[in-house]
Amino acid sequence: MTRILLTGIAGQLGGELQQTLAPLGEVMGVDRHKLDLTQPDQIRQVIGEFKPDVIVNAAAYTAVDKAETETELANAINGKAPTIMAEAAQQLGAALIHVSTDYIFDGKKNTPYTEDDTPDPINAYGQSKLLGEEGVLKNCDRALILRTAWVYGAQGKGNFVKTMLRLGAERDQLRVVVDQVGTPTWTGDLASAIAQLAQSLKSDTLTGIYHFTNSGAISWYDFAVAIFEEAEQIGFPLQVKQVVPITTAEYPTPAARPAYSVLSTQKISAVLGNHPSHWRTGLRRMLKQLYDQKH
């Protein structure tokens, strides 16, 4: 029986992972109440007592703008905690799957980033995630880092899709940034991919960095328009009549964001045996899930 330790079960990805990992063995899911990632000794104790074969770290500090002022907290959760998990996994001979982000890149390319491109984060959140990547790779021989992007799902608290649905129900006009391009990734597809990788890790020596997102590339503005088109068809209550494209300069935020952060999924597609589905397919499935939850 494979023992899997899953962190971040209260989050949007962790919630989906509880379902996709369940068929693989005994899953011990922990949230911040059971495992405080700012406490190194607690991380060591939980891993030492459960003795997992695989650790899936889906927990993260994800408040991109707040990270500019809460740098120490972001570094503790995104940098130090994964490093300690890697050390503990190494002692047990366990595998570690660690989820990372497109925000470790500066966004200056205009073709998809590959796993071999050099990271150069332009905000504190990206820097904290890069610290985690480095710590994981340095301390665990059986570590796999999965970078993803623009993640959203029906579970957990907030995300771009839920925010758009809320604002779209209250306002007739919304302004959304058009000059940041990436790939929205549905937690359902991401969690399925992680489960497939966890299954492979039992026998295989998959290690290193991989990119997984849905297919296709769009701006936040395009994504917002698509959300309203699809949500309207399903029957979500919407007031919004117009989505206005604006520039990043017109919507200043504490943290800088990469203008282009599309990730190449060629390497992971070869491992999984297929290409990730299109972002719009994921969006439809998530909206249906959300609608069904409410009705």
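The values are calculated or read from the model by the stated rules, or taken from the named source; none is laboratory data. Just so it is clear, the model here is predicted, and its values are computed rather than measured. Every residue, glycine among them, receives a Cβ derived from its backbone with ideal geometry; neighbour counts consider all protein chains shown. Protein only, heavy atoms only, side chains kept; ligands, DNA and RNA dropped before computing areas. Shrake-Rupley method; radii C 1.70, N 1.55, O 1.52, S 1.80 Å.
Per-residue packing, averaged as other Cβ atoms within 10 Å, sorts the ranges 215-227, 154-166 into the order 215-227, 154-166, beginning with the highest.
Pairs from the table (LYS51/LYS138; LYS129/LYS267; LYS162/LYS267) lying more than 24 angstrom apart at Cα are LYS162/LYS267.
Here the scattering of the stretch 106-207 is modelled by Debye summation over its C-alpha atoms, one equal scatterer each and no solvent; at q = 0.10, 0.11, 0.21 Å⁻¹ the log10 of I(q)/I(0) is -0.42, -0.50, -1.36.
Within the straight-line cut-off of under 17 Å between alpha carbons, the aspartates and glutamates reachable from LYS294 are GLU230, GLU232, sequence neighbours fewer than 8 places apart in one chain being disregarded. GNM remark for the chain: springs join alpha carbons under 10 Å apart, and the peak mean-square fluctuation among GLN199, GLN127, GLN12 falls on GLN199. The magnitude of the dipole of the chain, with charges of +1 and -1 set on the Cβ of Lys/Arg and Asp/Glu and taken from the Cα centre, is near 520 debye.
For the stretch 233-286, the alpha carbon positions stretch 41, 35, 16 Å along the principal axes, listed from largest to smallest. If I take all pairs of Cα atoms in the stretch 154-263, what percentage of them are more than 22 Å from each other? Above the 22 Å cut-off, the stretch 154-263 has 45 percent of its Cα pairs. On average, how much area does the Cα convex hull of the stretch 173-230 cover when viewed from any direction, in nm²? Mean orientational projected area (the stretch 173-230, Cα hull): 5.2 nm². For LYS80, the aspartates and glutamates whose Cα falls under 15 Å of its own Cα, not counting residues fewer than eight places away in the same chain, are ASP36, ASP41, GLU70, GLU72, GLU133, GLU134.
Legend: distances between Cα atoms for LYS157/LYS202; LYS34/LYS66; LYS34/LYS288; pairs beyond 28 Å are LYS157/LYS202; LYS34/LYS288. By a 1.4 Å probe calculation restricted to protein chains, LYS202 has an accessible surface near 100 Å², given to the nearest 10. Positive-end ranking of PRO237, SER219, THR118 along the dipole of the chain, with charges on Cβ about the Cα centre, is headed by PRO237. The local environment of THR253, defined by Cβ-Cβ distances under 12 Å, has a net charge of -1 under the rule Lys, Arg +1 and Asp, Glu -1.
The packing ranking of peptides 282-290, 76-84, highest mean first, is 76-84, 282-290, where packing means the average number of other beta carbon atoms within 10 angstrom of each residue. Against the compact-protein benchmark of 2.2 N^0.38 Å, the Cα-based radius of gyration of the chain scales to 0.98.
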